[in-house]
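K.L.:
Questions regarding the structure given below will be posed in turn.
The values are calculated or read from the model by the stated rules, or taken from the named source; none is laboratory data. What you see is a predicted model; the values in this text were computed from it and never measured. So basically every Cβ, Gly included, is an ideal-geometry build from the backbone, and we count neighbours across all protein chains shown.
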Amino acid sequence: MQRQRTFLAKNEEMGKTWNRDWYVVNADGKRLGRLASEIAVILQGKHKPIYTPHVDTGDFVVVINADRIELTGQKWDDKLYQRHTGYMGGLKSMSYRRLIGRHPELPIREAVRRMLPKSILGRQMLRKLKIYAGPVHPHAAQGPKELEI
């Protein structure tokens, strides 16, 4: 009797054997955290039966209407995004309301980035995320599927 082996995807197989799908997500009226967690699952490939933790098995995600995402409660003014310039006393902070006015795609990118692995593999997964403030995107040639979250 032959023992059954556990399937492990390999990096070399991902481009040739397994195709990566493209999904379009409309962020209009969605909650930031709930949307980001679903996107992180798709980018990692956890929705596929071939998921392997050390291989990027995920799909591409295109987010449209990023400027129309919603938050609950007082987070529009209380939620702060902080960065550091690298100089002494260089901590800069910006409220969600100001950030969405300047860079409407940044809150979604940051929320998803923080849910991915903190490694080279996580940065590779984040490159498959495309975010656009309006309803138009240039990825129609890839034939993206509409994904309802």
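K.L.:
If I go through the range 72-117 residue by residue, how many of them are exposed (fewer than 11 other Cβ atoms within 10 Å of the Cβ) and either in contact (Cβ under 8 Å) with a residue 24 or more places away in the chain or within 24 Å of T57 (Cα to Cα) (or both)?
P.N.:
Of the residues in the range 72-117, 1 are exposed (fewer than 11 other Cβ atoms within 10 Å of the Cβ) and either in contact (Cβ under 8 Å) with a residue 24 or more places away in the chain or within 24 Å of T57 (Cα to Cα) (or both).
K.L.:
Would you pick out the residues in the range 49-91 that are of a type in the set (G, A, S) and in a loop (DSSP other than H, G, I, E, B)?
P.N.:
Applying the first criterion (of a type in the set (G, A, S)) to the range 49-91 yields 58, 66, 73, 86, 89-90.
Across the range 49-91, the qualifying residues are G58, G73, G86, G89, G90.
K.L.:
Only residues in the range 118-138 that are closer than 20 Å to R102 by Cβ and hydroxyl-bearing (S, T, Y) count as the first member; pair them with residues that are at pLDDT 95 or above and assigned to a helix (DSSP H, G or I), Cβ under 9 angstrom, at least 6 apart or cross-chain, and list the lot.
P.N.:
Matching pairs, first to second residue: Y132/A66.
K.L.:
Tally time: how many residues in the range 57-71 are surrounded by 19 or more Cβ atoms within 10 Å (Cβ to Cβ) and farther than 17 Å from E146 by Cα?
P.N.:
Result for the range 57-71: 2.
K.L.:
Looking only at the range 1-48, count how many residues are in contact (Cβ under 8 Å) with a residue 60 or more places away in the chain and of a type in the set (S, T, Y).
P.N.:
2
K.L.:
Within the range 126-143, is even one residue surrounded by 11 or more Cβ atoms within 10 Å (Cβ to Cβ), over 19 Å from V25 (Cα atoms) and not β-branched (V, I, T)?
P.N.:
No, the range 126-143 has no match at all.
K.L.:
Within the range 49-68, identify whether any single residue is among the acidic types (D, E), free of Cβ contacts under 8 Å to residues at least 24 places away in the same chain and either over 14 Å from R31 (Cα atoms) or touching a strand residue (DSSP E or B) at 6+ places or on another chain (Cβ under 6 Å) (or both), and answer yes or no.
P.N.:
Looking through the range 49-68, none of the residues is among the acidic types (D, E), free of Cβ contacts under 8 Å to residues at least 24 places away in the same chain and either over 14 Å from R31 (Cα atoms) or touching a strand residue (DSSP E or B) at 6+ places or on another chain (Cβ under 6 Å) (or both).
K.L.:
Restricting to the range 14-36, and then to whatever is in a helix (DSSP H, G or I) and surrounded by 14 or more Cβ atoms within 10 Å (Cβ to Cβ), can you tell me which residue is farthest from the chain's Cα centre (by Cα)? Walk me through how you get there before you give the answer.
P.N.:
Taking the range 14-36 first, the residues in a helix (DSSP H, G or I) are 14-16, 32-36.
From what is left, the residues that are surrounded by 14 or more Cβ atoms within 10 Å (Cβ to Cβ) are 14, 32, 35-36.
Values: M14: 19, L32: 11, L35: 9, A36: 6 Å.
Result: M14.
K.L.:
Checking the conditions here, which among L126, L99, L91 is of a type in the set (A, V, I, L, M, F, W, C) and touching a His at 6+ places or on another chain (Cβ under 7 Å)? Can you show your working first?
P.N.:
Values: L126 fails: touching a His at 6+ places or on another chain (Cβ under 7 Å); L99 fails: touching a His at 6+ places or on another chain (Cβ under 7 Å).
Answer to the check: L91.
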